[in-house]
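Step one of this worksheet: look at the structure below.
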Amino acid sequence: MRAKTIQIFLPSGDPAGIQVAELTTGIVQLIEVPRKLIQEFLGMPQSKQVGVYFLVGENTETGEPAVFIGQSGNIGRRLDEHHQSEKFDWNRVLVA
């Protein structure tokens with residue numbers, strides 16, 4: 001196995017805000033977005049792409065940690081739908 005470098009970009013400069021992580025030697029990218037900043041993410045070019053996303057939160061019935069996994073042809077539009085819905089209590093999303 002070869003060593004890899006991960007670069008984390010903070011678009012707003014705030015480590016508690018949106019984070020864009022990339023392998024510096026490839027095209028792999030993961031974006032972490034706190035739910036409270038979803039509107040900021042919708043303004044980013046990455047929100048218009050095809051991708052997979054992981055809503056991270058908790059099961060409202062048990063209080064246990066939970067993850068909802070989805071895919072979309074337009075990640076931003078789908079995440080906005082999830083943001084408006086109360087079906088799943090999530091507090092951050094990971095977009096790949």
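The values are calculated or read from the model by the stated rules, or taken from the named source; none is laboratory data. What you see is a predicted model, and the numbers here were worked out from it, not measured in a lab. Don't worry about glycine lacking a Cβ; one is built from the backbone with ideal geometry, like all the others, and counts go over all protein chains shown. Remember, those area values only see protein heavy atoms, side chains included, never the ligands or the DNA or RNA. Shrake-Rupley method; radii C 1.70, N 1.55, O 1.52, S 1.80 Å.
Quick check: at a probe of 1.4 Å, how many percent of the accessible area of the chain sits on carbon and sulfur atoms?
The C+S portion of the solvent-accessible surface of the chain is 54 percent.
For the residues ARG92, ARG77, ARG35, a 1.4 Å probe over the protein chains yields an accessible-area ranking, largest first, of ARG77, ARG92, ARG35.
Using helices alone, what [θ] at 222 nm do you get for the chain, with -39,500 (n - 2.57) per DSSP H run of 4 or more residues, divided over all residues and rounded to the nearest 500?
When only DSSP H runs of four or more count, the value is -4000 deg cm²/dmol.
Surface exposure of the chain, expressed per residue as accessible area with a 1.4 Å probe, stands at 67 Å². To the nearest 10, the accessible area of ILE8 is 100 Å² with a 1.4 Å probe.
Note down the relative contact order for the chain as a percent, whole number, built from C-alpha pairs under 8 angstrom at least six residues apart. It comes to 27 percent, rounded to a whole number.
Once the C-beta distance of GLU64 and ARG92 is scaled by a Förster radius of 25 Å, the resulting FRET efficiency is 0.95 to the nearest 0.05. In the chain, a dipole from Cβ-located charges (positive for Lys and Arg, negative for Asp and Glu) runs towards its positive end, and of SER72, GLN29, THR60 it is GLN29 whose Cα lies farthest in that direction.
Against the chain, whose longest principal axis is taken from its Cα atoms, helix 75-84 shows a tilt of about 30°.
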